[in-house]
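Only one structure is covered here, and it is reproduced in the block below.
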Amino acid sequence: MTLKKLSLALIAAASASFASAAPVTYNIEPNHTYPSFEADHMGGLSILRGKFLKTSGTITLDRAAKTGEVDITVDTSTLDFGNAKLNDHAKGADMFDVAKFPTATFKSKKITFNGDVPATAEGDFTLHGVTKPLTLTINRFKCIEHPMFKKEACGADVTGMFNRGDFGISYGLPKFLPEVKLLIEVEAIKAN
């Protein structure tokens, strides 16, 4: 092989490598993404568990460069505790006030990786009209060729903690404990 052909081959290989390291965007799959949470009831008497039934957004990952972005919107009016009376109360002005604050959002500022797998997402969490920093821990992450969508799909098990009082949701405080645990199962489908 001549020097010129070798140079062209190396440039082509480098270009192909660079192209494969490009960021990939995934759209949230709403039928398999249900952010849920656990919150104290009556100072440790029990734990209330709720979830939101409608989520949208995108996740962009460049696993080779170990970078990414998360932009998620949750429709707070879809809150569901499995109890209609509790749902109505929690959606009211005492708690989530969904008429005034119909969405909650998370927008990442930094994603850290463990190898080529995302491990944490740090960003801004907006709830009840208040924005505070939040770190989400990615406990499990996996991508496969989705048999129905015929595209790459990624799924994750994500957790986080926040103090609801910091977001102005002060109903029952201090009798109720303010810490809320997020438990998020998410699936997302490659956009292109």
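See the values below:
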quantity: Count - residues of region 155-171 that are more than 13 Å from Val130 (Cβ to Cβ) and either within 10 Å of the chain's Cα centre (by Cα) or without any contact (Cβ under 8 Å) to a residue 60 or more places away in the chain (or both); calculated: 6
quantity: Among residues of region 150-171, those that are part of a strand (DSSP E or B) and within 15 Å of Glu187 (Cβ to Cβ), counted; calculated: 7
quantity: In region 19-51, the residues that are without any contact (Cβ under 8 Å) to a residue 40 or more places away in the chain and either under 22 Å from Thr105 (Cα atoms) or small (Gly, Ala, Ser) (or both); calculated: Ala19, Pro30, Asn31, Ser46, Leu48, Arg49, Lys51
quantity: Residue in region 54-69 that is more than 20 Å from Phe176 (Cα to Cα), assigned to a strand (DSSP E or B) and in contact with a helix residue (DSSP H, G or I) (Cβ under 7 Å, 6 or more places away or on another chain) present; calculated: yes
quantity: Sole residue being within 15 Å of Tyr26 (Cβ to Cβ), exposed (fewer than 13 other Cβ atoms within 10 Å of the Cβ), more than 16 Å from the chain's Cα centre (by Cα) and of a type in the set (Lys, Arg), chosen from Lys150, Lys142, Lys175; calculated: Lys150
quantity: Members of region 70-82 that are under 19 Å from Asn27 (Cα atoms) and either outside any strand (DSSP E or B) or of a type in the set (A, V, I, L, M) (or both); calculated: Val70, Ile72, Val74
quantity: Options Pro147, Pro174: the member that is out of contact with any Gly (no Cβ under 9 Å at 6 or more places or on another chain) and outside any strand (DSSP E or B); calculated: Pro147
quantity: Unmet requirement for Ile169, which otherwise passes all of (1) surrounded by 15 or more Cβ atoms within 10 Å (Cβ to Cβ); (2) within 23 Å of Glu69 (Cα to Cα); (3) β-branched (Val, Ile, Thr); calculated: (2)
quantity: Pair list, Cβ < 7 Å and 6+ apart or interchain, from region 121-141 residues that are under 15 Å from Thr60 (Cβ atoms) to residues that are assigned to a strand (DSSP E or B) and of a type in the set (Lys, Arg); calculated: Gly123/Lys107; Gly123/Lys109
quantity: From Lys51, Lys85, Lys100, residue being in contact with a helix residue (DSSP H, G or I) (Cβ under 9 Å, 6 or more places away or on another chain) and either of a type in the set (Lys, Arg) or not in a helix (DSSP H, G or I) (or both); calculated: Lys51
quantity: Single residue of region 73-98 satisfying the filter (of a type in the set (A, V, I, L, M) and touching a residue at least 12 places away in the same chain (Cβ under 8 Å)) that is nearest to Gly57 (Cα to Cα); calculated: Val74
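No lab work stands behind these numbers, since they all come straight from the coordinates. Remember, it's a predicted structure, so these values are computed and weren't measured experimentally. Here Cβ is always computed from backbone atoms with ideal geometry, including for glycine, and neighbour counts include all displayed protein chains.
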